[in-house]
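Right, one structure below, let's go through it.
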Amino acid sequence: MTSNSPVDLPTCFGFLLINDFTLISMSSAIEPLRMANRLCGEAIYSWKTLSETGAAVNASDGLSVNVDNGIDDEEALHGLDAVIVCERGGRLRFEILDWLNHVVYLALFDGEGFLTYSVPDNQYAKGPDDPMRIQEILGIPLTAEELVALALGDPFFLFVANPVPRVHLDQGTLLLDVEPAGLGPRYRLWLDDQTRPERMSVKRPDWASGVLGDLQVDYGRYRKIDAVVFPHRIRVSATAPDRLLQVDYQRVVLNESLDENLFRFEPPEGAVQLAE
C-alpha cells in the first residue's frame, strides 16, 4: 500500500543525554543525518540535544556537553518525531569455566577500561581497551565496543569520519555500504528479506589492516526471544591473523536485571597486579 499524504519535513530527533554517556554513539547517530541533509541539498532531518534538567552532561570521556533543552520543557519536546536515549556504553563480563563450572579466567569491560584475572595464577591486569588483549582471549582482534556489540548480536559500526552511505541491491539482497571520505573503516552490511543482518564485512584502513585485519561477520539461526528476533549463531573471521570465531547462543534472556557487582572486581588476597 502506498500513501500520497505529504510528509512534514524535517524529521526531528531528540537526543537525550544521560550522565556518563558514550560521546561516539551520539556522533555516529548524528553524522548520517547531517550527511543526508548535505546530499539532498535541504534539511530533511533536524535534531536537538536534551538532558534531564537542561544542564550540561558529562560524557564518559570527561567532556562536558551543553544541551539545547531539558526534558521538563514541554515546548522543546513539541515537534520531535523520536527521542533517542544516549547513555553509558555496554558492559561485558566474560568467564572461562572448568568442568566443575568454576571460574578459571575472568574479563571485564565497563566502557572505561579492560580487566583480566587468571584464577590459577592469582594475577590480574588493568588497562585501556586493547584489541590485542581481546585477541589473547578469543583469538580475534576486536575493540571492546565491537566485542560488546557482537555479544548483543548487533552489527558494530564505529565512528566513520564524513561517511558516504549507499544503499543498493546486490544479487537481490539489500546492501548498506558505508565508506569513509577520509580515514576509518568501511562497512558493508547485507540484510535478508526480513531486513535482518545476514553478513557484514569490515575493511579497516591500511594503517590498521595489517595489525587488526579485516573482518567478515555472518549472522544466522534467528529465533524469536519475547518480541525480539535474535541470531543464535555468529561467525567472525579475521584476515590478520587468519582466525575464525564462532559464537553459539543456547539460553538468551533479554532485559534481565543484573547485579552491579557482576561488573566490579575486588582483588583476592595475595593477588598480584601485572604491569600494564
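The values are calculated or read from the model by the stated rules, or taken from the named source; none is laboratory data. On a predicted model such as this, the values are computed, not experimentally measured, just so you know. As a convention, Cβ positions derive from the backbone with ideal geometry for all residues, glycine included, and neighbour counts pool all protein chains shown.
Observations, loosely collected:
- Whichever residue in the range 93-112 is modelled with pLDDT under 85 and under 19 Å from the mean Cα position of the chain (by Cα) and, among such residues, is surrounded by the most Cβ atoms within 10 Å (Cβ to Cβ): 109
- Every pair of residues 6+ apart whose Cβ atoms lie under 8 Å, when the first sits in the range 251-268 and is modelled with pLDDT under 80 while the second is aliphatic (A, V, I, L, M): 254/225; 254/228
- Answer from 191, 245 - the residue that is of a type in the set (A, V, I, L, M, F, W, C), at pLDDT 85 or above and closer than 30 Å to residue 123 by Cα: 245
- Every residue from the range 73-92 that is surrounded by 12 or more Cβ atoms within 10 Å (Cβ to Cβ) and over 30 Å from residue 134 (Cβ atoms): 73, 76, 77, 79, 80, 81, 83
- Residues that are of a type outside the set (Val, Ile, Thr) and more than 30 Å from residue 59 (Cβ to Cβ), drawn from the range 88-130: 97, 98, 99, 100, 101, 102, 105, 118, 120, 121, 122, 123
So that you can scan it fast, the table gives a plain yes or no per residue for (1) in contact with an Asp or Glu (Cβ under 9 Å, 6 or more places away or on another chain); (2) assigned to a loop (DSSP other than H, G, I, E, B); (3) not assigned by TED's automatic domain parsing to the domain that holds residue 153:
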{"position": "37", "(1), (2), (3)": "no, no, yes"}
{"position": "43", "(1), (2), (3)": "no, yes, yes"}
{"position": "46", "(1), (2), (3)": "no, no, yes"}
{"position": "53", "(1), (2), (3)": "yes, yes, yes"}
{"position": "58", "(1), (2), (3)": "yes, no, yes"}
{"position": "67", "(1), (2), (3)": "no, yes, yes"}
{"position": "76", "(1), (2), (3)": "yes, no, yes"}
{"position": "105", "(1), (2), (3)": "yes, no, no"}
{"position": "108", "(1), (2), (3)": "no, no, no"}
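- Counted residues, the range 113-139 - those being outside any helix (DSSP H, G or I), surrounded by 13 or more Cβ atoms within 10 Å (Cβ to Cβ) and charged (D, E, K, R): 3
- Residue within the range 131-139 that is under 19 Å from residue 59 (Cβ atoms), touching a Gly at 6+ places or on another chain (Cβ under 9 Å) and at pLDDT 75 or above present: no
- When the range 14-48 is filtered for residues that are surrounded by 18 or more Cβ atoms within 10 Å (Cβ to Cβ) and not aliphatic (A, V, I, L, M), the ones remaining, listed by number, are 14, 15, 21, 22, 25, 45, 47.
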